[in-house]
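Asks: A single structure is presented below for examination.
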Amino acid sequence: MNLDAVVDELHQIVAEKTPKGTSPQLILERLRASFPPLPPREVSNKEAKAILLKRGGLSRNRLEKADGGALAAEEVADLIGYSRQGVDHLRKTNRLVAWRRGNGKWHYPIWQFEDGHIRPGIQECLEHLSENPWGRMIFFLNPRESLGGKRPLDLLLKGRIEDAVRVARRHQTHGG
């Protein structure tokens, strides 16, 4: 069995065994914490830089695929009944989360939409967050101890908009 097969199998197990209301990320964090730390080893500066770049790419890839992946601007326009230019305007006025790929095209996480509209609470949270697209993704998708291992997105999924906005306000105040 190769590494990819092990990862796929672990994804299945986590998806099947995760208790309702618990994020898979929290389970994986606890699993990782349960292993003893690896012994330190000497690495060159060049090797250290390569490791960091790979970790950053993996983290970015995880964020891009989280909770349904992403849509292109044209797909968002069809979904919410706007023109592509209207979607660009929403992005430029900080009312949608989006990131740009190397090809220059914008991608919009699907989790910010619900029933053909922008999910309630997204825009309100964005008012309190920096304009950094990856910082925004991290805010919505990372579990927080202060939320009992839940994510701000989980609050929005449950309609707890004011709670999510309060977390966004606190996140920005503390250097998020």
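The values are calculated or read from the model by the stated rules, or taken from the named source; none is laboratory data. Just so it is clear, the model here is predicted, and its values are computed rather than measured. Note that we place each Cβ from the backbone using ideal geometry, even for glycine, and neighbour counts take in every protein chain shown.
Asks: Just checking, which of TRP99, TRP134 is within 13 Å of the chain's Cα centre (by Cα), over 25 Å from GLU29 (Cα atoms) and surrounded by fewer than 20 Cβ atoms within 10 Å (Cβ to Cβ)?
Replies: Going through TRP99, TRP134 in turn, the sole match is TRP99.
Asks: Hey, any hits in region 107-127 for a residue that's crowded, with 17+ Cβ neighbours inside 10 Å and touching a His at 6+ places or on another chain (Cβ under 8 Å)?
Replies: The answer is no, given that none of the residues of region 107-127 is crowded, with 17+ Cβ neighbours inside 10 Å and touching a His at 6+ places or on another chain (Cβ under 8 Å).
Asks: So in region 59-96, with the set limited to residues that are at pLDDT 85 or above and on the phi > 0 side of the Ramachandran plot, which one is surrounded by the most Cβ atoms within 10 Å (Cβ to Cβ)?
Replies: ASN94
Asks: Would you pick out the residues in region 11-38 that are part of a helix (DSSP H, G or I) and in contact with a Lys or Arg (Cβ under 9 Å, 6 or more places away or on another chain)?
Replies: The answer is GLN25, LEU26, ILE27.
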